[in-house]
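Everything below concerns the one structure shown next.
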Ligand code: ADP
Ligand code: MG
């Protein structure tokens with residue numbers, strides 16, 4: 001029966017354009033911000049705040065001290081100085097005290113000001129000729145209809161075309177007023193008290209219109225916690241359900257099997273490889289499907305760990321599959337593992353986009369006549385069926401996404417064990433969120449596996465010297481990579497003398513320039529699989545001396561004789577990516593040399609490149625990348641398949657994240673399907689946000 005309260009609640013779910021005062025034009029603008037329902041307005045949080053807490057009367061301005069003032073424009077004057085500079089003067093008055101305001105070189109500004117307008121100015125006053133003056137202050141023209149916002153903190157929202165800050169503030173004030181009272185608390189009282197969290201209604205009011213900074217922070221904490229907690233609930237639910245689902249084969253690694261497998265490797269395992277193999281063996285011995293992430297720096301030896309897991313699976317009579325993000329990498333894995341399996345009875349085949357005799361091969365896989373299949377994503381895209389798949393390994397997971405596991409269901413009737421590997425070391429905050437439903441094994445690269453790579457930051461002045469160095473190394477018999485961020489030129493790019501940031505032009509300029517005496521080839525993602533294969537094979541065999549490439553070489557290419565790498569427009573790469581690229585050299589007996597060129601004068605870019613030159617440890621670099629660029633750049637939503645976080649900040653909210661994870665785990669242990677009445681709201685929030693990403697059906 002529709003009660004008054006229910007009817008009110010419908011206000012929350014009405015289309016945003018029907019909310020009083022919105023209308024169709026504003027509604028369209030709001031939709032561009034992904035605000036569809038009235039309730040979405042409440043959850044459109046301010047980016048930051050402007051506060052008007054310390055407005056200083058003009059009479060009390062102090063020279064050299066940053067201040068905010070409010071006054072009325074009395075005079076406007078502009079002229080062009082002898083130097084050619086455009087100068088705009090305002091004279092601002094408050095209670096018969098005056099302030100001069102100066103703007104340089106912004107001729108368009110004059111249109112914004114009118115005599116009699118009230119303005120808010122923020123700047124550092126200087127005394128000039130007995131009068132206070134502010135140069136280039138930040139300013140805001142005050143609305144004469146609105147009271148002066150003294151003593152208030154105002155939200156600053158992200159805008160879109162056709163939507164002004166003033167309109168959004170006005171709208172949010174009304175939305176908060178009418179809708180906040182309709183929002184139900186989702187958190188049980190006990191949890192809120194234990195963690196000292198604000199109630200939802202206060203939090204929503206205070207996030208938009210706080211009276212103090214403390215109020216804003218308390219609100220942010222509550223809402224960030226909620227966001228992280230809902231995510232952790234979804235992950236905990238998923239973990240729990242997987243464990244209720246003992247469908248995977250139990251595969252025990254006996255000491256004999258272990259020794260036989262390890263005996264096939266041409267080296268002694270490192271300590272962390274040994275530990276990882278044990279962790280995996282323990283998981284696979286259970287009928288709950290393994291769900292494990294193996295991460296470790298470039299060259300930390302993940303392939304050998306995967307090999308051990310796969311061979312163990314085969315020894316128990318099951319099939320194993322390994323998927324890599326590129327054909328090149330799949331081929332390399334096939335070669336490596338075939339080599340390790342020489343003279344064994346294990347039947348290994350590769351399956352990629354260019355595999356011939358697919359039909360026949362598919363039949364043998366379905367009949368269980370192949371033990372190990374190595375390939376690309378083509379494996380899950382085709383209608384391949386395994387007879388008895390025991391283990392699926394995904395290499396370089398960050399190129400795939402969280403939904404991969406669901407796709408694997410197509411390959412077999414039972415859930416296989418699942419191992420994902422990535423050479424992008426994953427900061428803990430990320431492994432707890434984006435990969436939060438996985439157990440984690442970490443490979444540490446021991447000293448004897450550390451490639452020796454010298455990294456330099458190039459400048460236009462030492463470019464010639466660097467090419468001379470590259471030529472010297474080539475003459476010594478080594479090979480070189482030259483990396484560009486893009487394949488082809490973008491419009492209007494080729495001003496002479498500027499750095500070339502696309503592989504095609506770079507190739508042209510090198511073969512007609514510094515590297516004309518050498519055999520140079522080009523590799524990028526737009527080539528056909530066959531062309532890529534040819535380019536790569538030529539380089540691997542040493543027929544080509546220099547490979548000009550995009551970041552397609554980033555993942556896993558192994559050519560030990562290649563020891564020199566030039567990275568053009570390096571500022572366009574993320575730190576982790578640069579580090580991955582660097583991992584391509586210094587793999588053999590010779591030391592590696594990397595020179596990263598950049599023309600950027602952006603401070604953050606330079607900080608990143610400096611870190612790249614100074615730090616060799618991938619884990620440390622990943623943390624720095626996270627700090628500098630945020631999680632979206634390390635693992636974009638499209639890479640991970642997760643909706644982005646809206647208010648929690650993985651670089652600063654690590655404490656909240658740990659707490660939310662613990663609380664969520666406890667809650668799911670106590671009420672796995674969230675069926676208790678006090679948990680119903682939580683379940684709704686969880687399924688609404690993550691249901692489709694994590695295959696959590698709405699039913700308990
Ligand atoms: P990644 O973790 O980047 O995938 P790989 O598995 O390709 O690293 O290993 C990098 C190189 O180190 C390979 O040439 C591999 O044969 C070698 N390697 C791996 N483990 C060891 C080890 N324990 N001792 C010596 N070399 C090893
Ligand atoms: Mg690898």
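The values are calculated or read from the model by the stated rules, or taken from the named source; none is laboratory data. Here the structure is a predicted model, which means the values were calculated and not measured. Quick reminder, even Gly has a Cβ in these numbers, built from the backbone with ideal geometry, and neighbours come from all protein chains shown.
Miscellaneous remarks
Residue by residue, here is whether (1) assigned to a strand (DSSP E or B); (2) at pLDDT 90 or above; (3) over 46 Å from the mean Cα position of the chain (by Cα) holds:
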residue: 41; (1), (2), (3): no, yes, no
residue: 50; (1), (2), (3): yes, no, no
residue: 53; (1), (2), (3): no, no, no
residue: 68; (1), (2), (3): yes, no, no
residue: 71; (1), (2), (3): yes, yes, no
residue: 83; (1), (2), (3): no, no, yes
residue: 91; (1), (2), (3): yes, yes, yes
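- Within the range 445-468, the residues that satisfy the criterion of being in contact with a strand residue (DSSP E or B) (Cβ under 7 Å, 6 or more places away or on another chain) and not in a helix (DSSP H, G or I) are 445, 451, 452, 453, 454, 455, 456, 457, 458.
- Scanning the range 586-604 for residues that are within 16 Å of ligand 2 (Cβ to nearest atom) and modelled with pLDDT of 90 or more returns no hits.
- Failed item, numbered, when residue 369 is tested on (1) modelled with pLDDT of 95 or more; (2) in contact with a strand residue (DSSP E or B) (Cβ under 9 Å, 6 or more places away or on another chain): (2)
- As for the range 289-306, it holds no residue that is away from ligand 2 (no atom under 16 Å from the Cβ) and out of contact with any strand residue (DSSP E or B) (no Cβ under 7 Å at 6 or more places or on another chain).
- Here 139, 187 are screened, and the one residue that is over 30 Å from residue 10 (Cβ atoms) and surrounded by 13 or more Cβ atoms within 10 Å (Cβ to Cβ) is 139.
- Residue satisfying all of: in the range 315-327; away from ligand 2 (no atom under 11 Å from the Cβ) and surrounded by 24 or more Cβ atoms within 10 Å (Cβ to Cβ); farthest from residue 373 (Cα to Cα) among these: 326
- With respect to the conditions (1) more than 16 Å from ligand 2 (Cβ to nearest atom); (2) loosely packed, with under 15 Cβ neighbours inside 10 Å; (3) closer than 22 Å to residue 552 by Cβ, residue 335 lacks only one, and its number is (1).
- Filtered by the rule that a residue be within 26 Å of the chain's Cα centre (by Cα) and within 20 Å of residue 296 (Cβ to Cβ), the range 559-579 gives 574, 575, 576, 577, 578, 579.
- The criterion of at least 2 residues that are assigned by TED's automatic domain parsing to the domain that holds residue 469, surrounded by fewer than 22 Cβ atoms within 10 Å (Cβ to Cβ) and touching a helix residue (DSSP H, G or I) at 6+ places or on another chain (Cβ under 8 Å) is met, among helices (runs of 4 or more DSSP H) falling completely within the range 509-624, by 529-540, 603-614.
- Some residue of the range 157-165 being at pLDDT below 90 and part of a strand (DSSP E or B): no
- Among residues of the range 99-133, those that are touching a helix residue (DSSP H, G or I) at 6+ places or on another chain (Cβ under 7 Å) and in contact (Cβ under 8 Å) with a residue 40 or more places away in the chain, counted: 1
- Test: residue in the range 213-235 that is closer than 20 Å to residue 286 by Cβ and in a helix (DSSP H, G or I): yes
- Residue 36 vs. criteria more than 18 Å from residue 132 (Cα to Cα), modelled with pLDDT of 90 or more and surrounded by fewer than 16 Cβ atoms within 10 Å (Cβ to Cβ): yes
- For the range 258-365, the strands (runs of 3 or more DSSP E) that sit wholly inside it and include 1 or more residues that are away from ligand 1 (no atom under 15 Å from the Cβ) and modelled with pLDDT of 95 or more are 319-323, 348-351.
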